[in-house]
Ligand code: ZN
């Protein structure tokens, strides 16, 4: 992971210029467009901005030059559905950017008939959260998460030793770690959707869905991604792309695409465009684009990423420290618990050989100060931990090294550790226990930072 994240950094900046030329393929005019119905109108929470992502998905399909996209926005769950009557049969595939608890029975019935009779279905990311109790829908998508899904919804499905396995251990369905770039690995490279893609490619930062459950019938997993234990993962290779059959219908299911940044990845775009064509027609005529990502560098389309007002105008940069800081603090908490101590932990990172600015994150384990008594003035553990970090940022030595006398604001106490990483310095400091214990806690934090920086 460490190599991947860093190299992504540089690859991303250089792919921005490239994109201007490659982004949109010219529409093909000599054949009839493939008719697509994109359904939206609800999500499980504000973290899925369907109004924004629908516009992105529509553009991505239109950029392929072979689709004509109509949008149907459903009423919210519990509202009046009597005027929501999409004519499913007029479309060759339905794309779901939609996560609702349920539908009226007649609508469910029409949808089931449509897919059974050969209609295509594409579900993107949280669309596999929807309809947890609708049996036919769960047979179509194979696996899903959240909305009360549990072992009753079916086993978990993942890859083990190169094979798809099901796991009946009990538990709720649906989890993901922090949004980091991750590698996607092809498992059915000869399938039309996958043909010509590299065996492994790097996806843009996204939620890596894990512990999804469902019937998993008639399901072919096209690609997986490793759910990293150090990022709240399962340690399994989790399904990312799937195809299924339901009656005569074809289903393409991608678990990727949390937000615009995730949707802007060329790996996502390409598999979404190809998967939709396959679901609609059973064939894939689209070529693999020249800006498709490699195994260790992300490639994304700036004109898509810019559709998110939060994107701004700079290059699309992920600070790898953001993803690791929580893990480093967690490792420090674990070590502090083992030693039976509490206090304040700080981790920090700065690039280069000399500090100009740093990223830092702090956590309080149990207490952040010791109250004053008759005998002493107490201890501001938060202040001490940061003083240790500040001393290290100046001396580039572990705190309390006494390479020079402590300056005003410093204490010269041990319990902070600094190491040179690949691109800069990694710092962890702890205050709360005996000096040697503080050092041990800090070492655990730095060790975790070193896995990525
Ligand atoms: Zn999400």
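If I take all pairs of Cα atoms in region 2-311, what percentage of them are more than 36 Å from each other?
It works out to 11 percent of all Cα pairs.
Relative to the longest principal axis of the C-alpha atoms of the chain, give the angle of the C-alpha long axis of helix 266-281, reported between 0 and 90° and rounded to the nearest 10°.
Helix 266-281 and the main axis of the chain meet at about 20 degrees.
Tell me, 255, 53 in order of fewest to most beta-carbon neighbours within 10 Å? Walk me through the numbers on the way to the answer.
Details: 255 29, 53 24.
Fewest-to-most ranking of 255, 53: 53, 255.
On a C-alpha basis, how far is the centre of region 52-93 from the centre of region 209-257 in Å? Whole number, if you could?
Cα centroid to Cα centroid, the span is 23 Å.
Compute the Rg/Rh shape ratio of region 320-450: radius of gyration over Kirkwood radius, all on alpha-carbon atoms.
Details: Rg = 13.8 Å, Rh = 14.4 Å.
Expressed as Rg/Rh, it is 0.96.
Given the C-alpha centroids of region 144-208 and region 363-399, what is the distance between them in whole angstrom?
43
Calculate log10 I(q)/I(0) of region 256-381 for q = 0.19 Å⁻¹, where I(q) comes from the Debye formula with a single equal point scatterer on each Cα and nothing for solvent.
Relative scattering, expressed as log10 I(q)/I(0), comes to -1.11.
Can you give the % of DSSP beta bridges in the chain that are antiparallel, to the nearest 5? All intermediate terms of the calculation are to be shown ahead of the outcome.
Numbers: 52 of 71 bridges.
Just about 75 percent of them are antiparallel.
Output the 0 to 90 degree angle, nearest 10, between the alpha-carbon long axis of helix 50-63 and the longest principal axis computed from the alpha carbons of the chain.
60
Pairs of alpha-carbon atoms within less than 8 angstrom and 6+ residues apart define the contacts here; what relative contact order does region 115-258 have, in percent? List each step's numbers first, then the result.
Working: 368 pairs, mean separation 46.9, N = 144.
Averaging sequence separation for qualifying contacts and normalising by length gives 33 percent for region 115-258.
At residue 51 and residue 434, where each label point lies 7 Å from the Cα along Cα→Cβ, what is the point-to-point distance in nanometres?
Those two pseudo-labels are separated by 6.0 nm.
If one computes P(r) from the Cα atoms of region 30-97, what percent of pairs lie at distances over 20 Å?
Details: 773 of 2278 pairs.
So the portion of pairs separated by more than 20 Å is 34 percent.
Quick one: angle between helix 2-22 and the longest Cα principal axis of the chain, in degrees between 0 and 90, rounded to 10, please.
In the chain, helix 2-22 runs at an angle near 50 degrees to the longest axis.
How would region 61-198 be classified by its alpha-carbon gyration tensor: rounded, prolate or oblate, with rounded meaning a/c under 1.5 and the a/b versus b/c comparison settling the rest?
Details: a/c = 1.86, a/b = 1.23, b/c = 1.51.
Since a/c reaches 1.5 but b/c is at least a/b, the shape of region 61-198 is classed as oblate.
For residue 404 paired with residue 190, estimate the spin-label separation in nm (one decimal), with each label point 7 Å from Cα along the Cα-to-Cβ line.
Each label point lies 7 Å from its Cα, and together they span 6.8 nm.
Roughly what would the spin-label model give for residue 248 and residue 307, points 7 Å off Cα along C-beta, in nm?
Result for the modelled spin labels: 3.2 nm.
Coordinate-derived values only; no laboratory data. Remember, it's a predicted structure, so these values are computed and weren't measured experimentally. With ideal geometry, Cβ positions are generated from the backbone for all residues, glycine too; neighbour counts draw on all protein chains shown.
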